[in-house]
1. Please list, short to long, the whole-number percent of alpha-carbon pairs of segment B:62-123 in consecutive 10 angstrom bins beginning at zero.
2. Counting only protein chains, not ligands or nucleic acids, how are A:9, A:78 ordered by accessible area (probe 1.4 Å), most first?
3. Quick one: Cα convex hull volume of segment B:54-195, Å³ per residue?
4. Could you work out how far apart the two model spin labels at residue B:27 and residue B:231 are, taking each label as a point 7 Å from the Cα in the direction of the beta carbon, and quote it in nm?
5. Which shape class applies to chain A: rounded if a/c is under 1.5, otherwise prolate when a/b exceeds b/c and oblate if not, where a ≥ b ≥ c are the square roots of the Cα gyration tensor eigenvalues?
6. Cα centroids of segment A:124-153 and segment A:80-117: how far apart, whole angstrom?
7. Can you tell me the equivalent ellipsoid semi-axes for the protein assembly as shown? Use √(5λ) from the Cα gyration tensor, largest first, whole Å.
8. Compute, for residue A:259, the solvent-accessible surface of its heavy atoms (probe 1.4 Å) with the complete set of protein chains present, and express it in square angstrom to the nearest 10.
There are 2 protein chains.
Amino acid sequence: MSVSLKEYIKRNSERVDRALDRYLPRASTKPAVIHRAMRYSLFAGGKRLRPILTIASAEACGGKIQGAIPLACSVECIHTYSLIHDDLPCMDNDDFRRGKPTSHKVFGEGMAVLAGDALLTIAFEIAACACPTARYSQSDLVGELARAAGSLLLVAGQAADLEGEGKKISHQQLRFIHERKTSALLTCSMRLGAMSANATAAQLRFVEQAGYNLGMAFQVIDDILDATKTTKELGKTAGKDEKVQKATYPSILGMKKARAEANRFTLAAHRAIRNLGPRALRLKQLADYLLIRQC
Amino acid sequence: MSVSLKEYIKRNSERVDRALDRYLPRASTKPAVIHRAMRYSLFAGGKRLRPILTIASAEACGGKIQGAIPLACSVECIHTYSLIHDDLPCMDNDDFRRGKPTSHKVFGEGMAVLAGDALLTIAFEIAACACPTARYSQSDLVGELARAAGSLLLVAGQAADLEGEGKKISHQQLRFIHERKTSALLTCSMRLGAMSANATAAQLRFVEQAGYNLGMAFQVIDDILDATKTTKELGKTAGKDEKVQKATYPSILGMKKARAEANRFTLAAHRAIRNLGPRALRLKQLADYLLIRQC
């Protein structure tokens, strides 16, 4: 526990990257274009936030990093697929992501759809390899991932977001979207980490509360950064939300209240994390890090 | 075993439909549009061929229909997702499927992408509920489905198909596409049925051989029907392959040799099915039915 948080993030990102590289077919595997497209987005310099939360949650519940790696990789594949599809012209129509042209700009729309499909699919292939524990079967782990990614959560958020574009939506509706589009997968990342550590029901509940609140804080801050940072700073198109008249926390509540909301969610996350005891130090540090991040 | 094949197909289609209806969220569940879109394509009058092959394969290996139902439903969700994405303007750009407007014509492109994503995801949620057997764990079942749907098989076929459009491709390349785009999921449907029945390694091998050959026969006949039937007869745009200069068995081999290929694959399927013994009667009947189908 002696290394800095920065070093902790770096080491675990590298672990996740190495594992993802092993799980994915080589870029030269036929048809090469699909494997190049999968790897292009998966290794585009993402922050690996979700996998690191999976790992930190496993440690917070007394588990080992190694046991959390397959599920950490699954979650990252789901996250990357959702970005590829979300960036499509028929969805958010974004040309840049993580400072690079988006998948459909490089590989064409059809191939981008397929690369997303393949990443979503491999997420389940990887999750099926995760070790069950005394309390959680393989079925529990795969089911957890599928529910978070499905039409009641992640896809529900995307669908509600797509429906709401250009319309005036309420704070409540925005919360519905953010809970599903962002918070659900972040919560799932943490729950899966806890499950890989054979967490007790009480531990899993605290991890879930922490995940929900961190996820909400994360999205509110994302909204704030979109409105206040440059495209270069973010690595993706800044000011996009305002341009397409997408409702955000700052646009609905004003910047000051939006920041207060982010603080409030982070505090609630800290309360939940505290219940997990001293092994949750990394989660605590990550909660603070997420609040002050600048990109 | 006294009912006709037609009645057998009808009864099992209805069983699968009832199960799918239970697995899927109600059409009114928020956001309603995504659940309406999922149900629109899933209940658009598909022939339920793959689920019926799952069930017949389970019976051929001494299993019960009920044990095969979750996996039969999973496969149908994957098949339906692949049709929705395949019909998108950025892929095959088809306006009709099963005699009805395609998903993106009704719900818009973005929502069609999401409906496909959600069906792909729920396939794994359903598969995670399937009962493991003495020989096959939940991990084996989910892994089997993920591999068939992934970038080495189903998505590989779609990607190679997309890349090959408008180009002159060889018989060998066409076979590469058909093996992955069609035969792999059909084989997987049958293997999953066998696995739900706790098939021996030998039974599973025969089922696999039957699946491969039935899948290939199915696709060759699909190519022939596209070239010889009307849009009304097929319920989807006929003559499409020729119009977009897509290579097909008839266009590469000529109609006569294409028919001979379909016969050859069907015969090979029959040889494999014969090894499964008398309980494989329905598989035998289905192999013949697939060869003479007119739509």
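The values are calculated or read from the model by the stated rules, or taken from the named source; none is laboratory data. On a predicted model such as this, the values are computed, not experimentally measured, just so you know. Ideal geometry is used to build each Cβ from the backbone, glycine not excepted, and the neighbour counts take in all protein chains shown. Side chains included, ligands, DNA and RNA excluded: accessible areas come from the protein's heavy atoms. Shrake-Rupley method; radii C 1.70, N 1.55, O 1.52, S 1.80 Å.
1. Spelled out per bin, shortest first, that is 23, 44, 21, 10, 1.
2. The ordering from most to least exposed comes out as A:9, A:78.
3. Convex hull of Cα atoms, per residue: 122 Å³.
4. For residue B:27 paired with residue B:231, the spin-label model returns 2.5 nm.
5. It is oblate, given that a/c is not under 1.5 and a/b is not larger than b/c.
6. Going from one Cα centre to the other spans 26 Å.
7. They are 42, 27, 21 Å, listed from largest to smallest.
8. 120 Å²
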